[in-house]
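Everything below concerns the one structure shown next.
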Amino acid sequence: MASKDFEIQQLLKAYRKGLISDELFETQMKELGAANGGLDVANVLALRGDASKASAKVLQKTPQSQTMAFTIPANFSNDHENSHKGDQIIYVLDGCAVARVSGKEQEIKAGDLLMIPAGAPHTLARVPLTPLAAAADCGCSE
């Protein structure tokens, strides 16, 4: 009998090659997930903070990656930089901020997707008048 991981890999290959329809792919993924208690899906909008203070919540975690939702209040300022072993992706849901990555600053706003390369020093340096709500994926489980 094939393992669940093998079945999912084969299903993904077939889907990517266009051998199965979107509907069949979705149905089979649900069936595979149902046998394992469901797929690991987190609603980022339901889990973000209230914006009165900085907050972060880890949503999912594997040995290779973790996802989180975070909120940063208005008028926040930070010069502390950090880095990660894997690439990090930040998707801005609401608000805006100034991101600093490897010494370069860029305003990010709702709808923007920021890619931070592995090892790059970075911070969300300033959050102006509106709070920032975002989701992030780090390609390492730190």
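The values are calculated or read from the model by the stated rules, or taken from the named source; none is laboratory data. Everything numeric here is computed off the predicted structure, so don't read it as measured data. Positions of Cβ are generated from backbone atoms using ideal geometry, with glycine treated the same way; all protein chains shown enter the neighbour counts.
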*Options 30, 85; residue that is in the same structural domain as residue 10 (by TED's automatic domain parsing) and exposed (fewer than 15 other Cβ atoms within 10 Å of the Cβ)*: 30
*Among the residues of the range 8-26, is there at least one that is surrounded by 11 or more Cβ atoms within 10 Å (Cβ to Cβ), over 26 Å from residue 131 (Cβ atoms) and in the same structural domain as residue 133 (by TED's automatic domain parsing)?*
no
*Which condition number does residue 27 fail, the rest of (1) over 23 Å from residue 7 (Cα atoms); (2) modelled with pLDDT of 75 or more being met?*
(1)
*Of all the residues that make up the range 46-82, how many are surrounded by 14 or more Cβ atoms within 10 Å (Cβ to Cβ), farther than 20 Å from residue 110 by Cβ and at pLDDT 90 or above?*
1
